[in-house]
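Just so you know, all these numbers are worked out from the coordinates, no wet-lab data involved. Everything numeric here is computed off the predicted structure, so don't read it as measured data. Note: ideal-geometry Cβ built from the backbone for every residue, glycine included; neighbour counts use all protein chains shown.
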Amino acid sequence: MLDKIGIAKRIAQEVQDGTYINLGIGIPTLVANFIPENINVVLQSENGLLGIGPFPEEEQVDADLINAGKQTVTTLPGSSLFSSSESFEMIRGGHVDLTILGAMEVSENGNIANWKIPGKMVKGMGGAMDLVASADNIIVAMQHCSRSGDSKLLKSCSLPITGLNCVKKVVTNMAVLDILPEGGFKLLERAPGVSVDEIKAATAGKLVVEGEIPEMKLD
Amino acid sequence: MLDKIGIAKRIAQEVQDGTYINLGIGIPTLVANFIPENINVVLQSENGLLGIGPFPEEEQVDADLINAGKQTVTTLPGSSLFSSSESFEMIRGGHVDLTILGAMEVSENGNIANWKIPGKMVKGMGGAMDLVASADNIIVAMQHCSRSGDSKLLKSCSLPITGLNCVKKVVTNMAVLDILPEGGFKLLERAPGVSVDEIKAATAGKLVVEGEIPEMKLD
Amino acid sequence: MINKEVSNADEAIHDIADNSTLMLGGFGLCGIPENCIAALVRKGTTGLTCISNNAGVDDFGIGLMLKTRQVKKMISSYVGENAEFERQLLTGELEVDLIPQGTLAERVRAGGAGIPAFFTPAGYGTEVAEGKEVRAFDGKMHLLESWLRADFALVKAWKGDKSGNLVFKGTARNFNPMMAMAGKITIAEVEELVEVGELDPNQVHTPGIYVQRIFQGEGYEKRIEQRTTRIK
Amino acid sequence: MINKEVSNADEAIHDIADNSTLMLGGFGLCGIPENCIAALVRKGTTGLTCISNNAGVDDFGIGLMLKTRQVKKMISSYVGENAEFERQLLTGELEVDLIPQGTLAERVRAGGAGIPAFFTPAGYGTEVAEGKEVRAFDGKMHLLESWLRADFALVKAWKGDKSGNLVFKGTARNFNPMMAMAGKITIAEVEELVEVGELDPNQVHTPGIYVQRIFQGEGYEKRIEQRTTRIK
């Protein structure tokens, strides 16, 4: 089983050179730490920054420079700043190459639920609905099962969805899976020490297993 | 009868302090020269300039600074520059207070025709359709009659129209007229030496004459 | 030059009446009109509909107006950081319209730009689509969304000149430029108010045509929600 | 940093195939991609659909490509200054779509921003409305207009850095920023190409995400159509 760091490391392997990426809050944010040095990417923050730099040193902290998680950040050489409408022009217009975000549930046809739990306080969708409706390439980072042990990879989402038919790949603490165009989670890799049977047992949606399933390679 | 300068001078009297104005090519451009010094206005150029300054001195000429008529201009203290889409955000969004433009024909219900003569080369409407569709206050500057002596103030336009029910006021070489909400040209002022009967004879659309019609006052 | 300067926040907001619709710039607590919010609390205007990406925290930003029960309705994309907000929502004292952030930004921009409606893919197939017109373009489904406009827009900029031109700094720009366009009356508060001619015309973010009143604010707290740093 | 630099205009446009749809920035001859146009004339690409506010003059700008019969169709708002253009139009060699300037700007912006269609009042009741959906909002009639996108966008900026960030100068900005957003491949030519880090992030007009290739142009003529001056 992977921990959060492991999930972030595995997703970092999916990142291609020369791309623009939007990282959601939580595990996705961690991915930035594991992108190899020879891979040049630019991180987009939907509150109006392209080229997110590292956290500032104490004396660099600037209240006017935050990311979408409201954390203080820095700019980098080549960064640019813009308004929220311009930011979503980039997102909605398909200019961001890859979106990595967390989820509560994913269905076998690529639906995602990550914004609302009925009966609980609703905080809002923020930019998630825009991101999932517009991105060509969406990777979900999440735990395979909930704390109570229920699968989060479902036939159909039980929670209110954030977007339809949009998730392309899921990386969990147990596995890497592609969402097939015709529906179904295609198992690509197992986490170290996790068997195909364990993944089968933990996946409520349709799982497609073909041939030998290799174990993930993480450094 | 007024000459072009006279028409421009009379329209300049309509300009109110603290307003943003778009001036079309031709007579409207001349209006800028006759706005009193105590009236502060900002001129908008739809190619992306707010705060059009005077023509440059020879050594100031900058190919990257032109107005919508493609003439070299200057900026003023307080000017701003922006893209074409931002320029038409201002126009379409109703932020420009007054639009002054020329016309081939105006109808008694405020339609305007100024972009196309069937059978002649069509050059295009440029920004005219956006301006007339969006401006709350449109003044037309034009000759009362064509060179062949036909009235250009009509019951309905014979040429393809640029916009519907949009002109509020017409200033010609013979008269100042308001377009009434219920239709009709309401005669407000006569050009020096021009009689009401002459204006009646030169106006093909419905002319409304009530009481004494004063002569324009021009300095 | 058209002079838009007013002396302070109280003068700038003097005619904001009860039950007005306001837009307030900012993302979280970054780039919010601190002085105008404080003046609204002093004035005690009530029944306000506030269009703002977030709703502040308990003791800062729009949270200050929630505490005094001045807000009737919030139109936002994310409102998570405020216990008083949650309490009022659960008791039905407060109405909330939640809108995807990009749709919110574009609806405000459309309000300023004279575009009454547009199609966007965000929210198709979700609760957000309820009651909305759906149409396919190039095989992809979109929702028809309408413009948003407000009686007053309250925006915060870094620098401004007396004719209303604005320059923003960093990610404090966020919703401020679009909201400046979409207010019938737009009030800009700036950290530094300069004379006309001091800003480079080529580098103005919001042209003065959108701003009706401007003043230099004071005592900016610029509170940070998540102070994250690294060791040198 | 993602490096977008190419060595010159010929390399930048090498894969523009016959029958491509191009967007070209500029208003009149102000802010046009002079180097890319010259390279297209050298390459001899034909059957082009050109989206550009104007069509150049007889011996400059897009006029150079009209002279060599490379253009099949123009999508523009005003095309008045070109005798060769008129000749080709009258003989049916050239197709022309005339679009109100603000609608053209907004359709291109929509193409870049992922808005497939929007309502605008421009053109209602005119020939432009033929075949278009009409709808009233607040009692005012509007037309539904669709986005425009292109295989290649050719834009001209004042300065740019190697990661594609652009800064424009004066009214040479015009259609360039929106077209940069709406090209599948956007090629930027700049008067001065600087290293990454030399442009102020707060003052970038077009973020590099929109630009796939950038080069420093040479020999800019920047021809003036109406040289109007005053005596000192």
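Could you compute the net charge surrounding A:ASP130? Neighbours are other residues with a C-beta less than 11 Å from the C-beta of A:ASP130; K and R count +1, D and E count -1. Display every interim value, and only then the final one.
On the way: positive: A:ARG92; negative: A:GLU46, A:GLU89, C:GLU106.
That works out to -2.
If the reach is capped at under 16 angstrom between alpha carbons, list the aspartates and glutamates near D:LYS43, excluding any in the same chain fewer than eight residues apart.
D:ASP10, D:GLU11, D:ASP15, D:ASP18, D:GLU34
For chain D, just list the percent of Cα-Cα distances falling in each 10 Å bin from zero outward, please.
Percent of Cα pairs in each bin: 8, 32, 34, 19, 6, 0.
Longer than 26 Å from Cα to Cα, which of B:LYS123/D:LYS132; D:LYS4/D:LYS67; A:LYS4/A:LYS152; A:LYS206/C:LYS132; D:LYS73/D:LYS162; C:LYS67/C:LYS222 are they? Say none if no pair is.
Numbers: B:LYS123/D:LYS132 22 Å; D:LYS4/D:LYS67 32 Å; A:LYS4/A:LYS152 16 Å; A:LYS206/C:LYS132 32 Å; D:LYS73/D:LYS162 33 Å; C:LYS67/C:LYS222 20 Å.
Where the Cα-Cα span goes over 26 Å, the pairs concerned are D:LYS4/D:LYS67; A:LYS206/C:LYS132; D:LYS73/D:LYS162.
Taking N as the number of residues in the protein assembly as shown, what value does Rg over Cα atoms divided by 2.2 N^0.38 Å take?
Numbers: Rg = 28.8 Å, N = 902, 2.2 N^0.38 = 29.2 Å.
The protein assembly as shown yields a ratio of 0.99.
From the C-alpha coordinates alone, can you work out the Kirkwood hydrodynamic radius of the stretch D:130-199, in Å?
Values: mean 1/r = 0.0696 Å⁻¹.
14.4 Å is the Kirkwood radius here.
Distances from C:VAL134 to the same position in the other copies: list them in nm, one decimal, shortest first, using label points 7 Å from Cα along Cα→Cβ.
C:VAL134 label point versus its equivalents elsewhere: 3.0 nm.
Whole percent per 10 Å bin, from 0 to the bin with the longest distance: what is P(r) over all C-alpha pairs of the stretch A:87-130?
In whole percents, the pair-distance histogram is 22, 47, 28, 4.
Using R₀ = 22 Å, calculate the FRET efficiency as 1/(1 + (r/R₀)^6) where r is the Cβ-Cβ separation of B:MET1 and B:LYS120; round to 0.05.
Numbers: r = 27 Å, r/R0 = 1.24.
Result of the calculation: an efficiency of 0.20.
How large is the Rg to Rh ratio of the stretch B:67-195 when both quantities use alpha carbon positions and Rh follows Kirkwood?
On the way: Rg = 16.0 Å, Rh = 16.0 Å.
My calculation of the ratio gives 1.00.
Which distances, shortest first and in nm, link D:ARG87 to the matching position in the other copies, using label points set 7 Å out along Cα to C-beta?
Ordered by distance, the counterparts are at 8.1 nm.
With viscosity set to 0.890 mPa s at 25 °C, what whole-number translational diffusion coefficient in µm²/s follows for chain A from Stokes-Einstein and a Kirkwood radius over Cα pairs?
Working: Rh = 17.9 Å.
The diffusion coefficient I find is 137 µm²/s.
The stretch A:1-126: Rg/Rh from Cα coordinates, Kirkwood Rh? Display every interim value, and only then the final one.
Numbers: Rg = 15.4 Å, Rh = 15.9 Å.
Expressed as Rg/Rh, it is 0.97.
Let me check I've understood the local charge: for C:THR186, count other residues with C-beta under 12 angstrom from its C-beta, Lys and Arg +1, Asp and Glu -1. What total comes out? Present the calculation step by step, with values, prior to reporting the outcome.
Values: positive: C:LYS4, C:ARG149, C:LYS156, C:LYS184, C:ARG213; negative: C:ASP151, C:GLU189.
Taking every other residue near C:THR186 into account, the sum is +3.
Sort C:ASP161, B:ASP3 by Cβ crowding within 10 Å, fewest neighbours at the top. The partial results should precede the final answer.
Numbers: C:ASP161 28, B:ASP3 10.
Lowest count first: B:ASP3, C:ASP161.
Quick check on the stretch C:19-129: of the DSSP beta bridges with both residues there, what percent are antiparallel, nearest 5%? Present the calculation step by step, with values, prior to reporting the outcome.
Values: 2 of 13 bridges.
So the antiparallel bridges in the stretch C:19-129 amount to around 15 percent.
Kirkwood Rh and Cα-based Rg: tell me the resulting Rg over Rh for the stretch D:47-101, rounded to two decimals.
On the Cα set of the stretch D:47-101, Rg over Rh gives 0.90.
Just counting partner chain Cβ atoms within 10 Å, what average do the residues of peptide D:125-135 show around their Cβ?
Details: counts 9, 13, 8, 6, 2, 0, 0, 0, 0, 0, 3.
Per-residue shielding by partner chains comes out at 4.
Pairs of alpha-carbon atoms within less than 8 angstrom and 6+ residues apart define the contacts here; what relative contact order does the stretch B:33-99 have, in percent? Working shown, then result.
Working: 76 pairs, mean separation 21.7, N = 67.
Computed over the stretch B:33-99, the figure is 32 percent.
Can you name the helices of chain C, as whole DSSP H runs, whose Cα span along the helix axis is 15 Å or more and whose Kyte-Doolittle mean is not below -0.5?
Details: long enough: C:101-113 (18 Å, -0.35).
Going by DSSP H runs, the hits are C:101-113.
Under 5 Å between amide hydrogens, which residues at least 5 positions from B:ASN114 or on another chain qualify, with H placed 1.01 Å from N in the peptide plane?
B:MET104, B:THR162
Could you give, in nm with one decimal, how far B:ARG147 is from each other copy of that position, shortest first, with labels 7 Å out from Cα toward Cβ?
8.6
With the Cα gyration tensor of the stretch B:119-189 giving a ≥ b ≥ c as the square roots of its eigenvalues, does the rule (a/c under 1.5 for rounded; else a/b larger than b/c for prolate; else oblate) give rounded, prolate or oblate?
Numbers: a/c = 1.83, a/b = 1.16, b/c = 1.58.
Verdict is oblate for the stretch B:119-189.
For the rotation taking D to C, I'd like to know which residue in chain D has the C-beta closest to the axis, plus that distance in Å.
D:PHE118, 2
Putting +1 on Lys and Arg Cβ atoms and -1 on Asp and Glu Cβ atoms, find which of D:PHE118, D:LEU94, D:ALA105 reaches farthest to the positive end of the dipole of the stretch D:78-118.
D:PHE118
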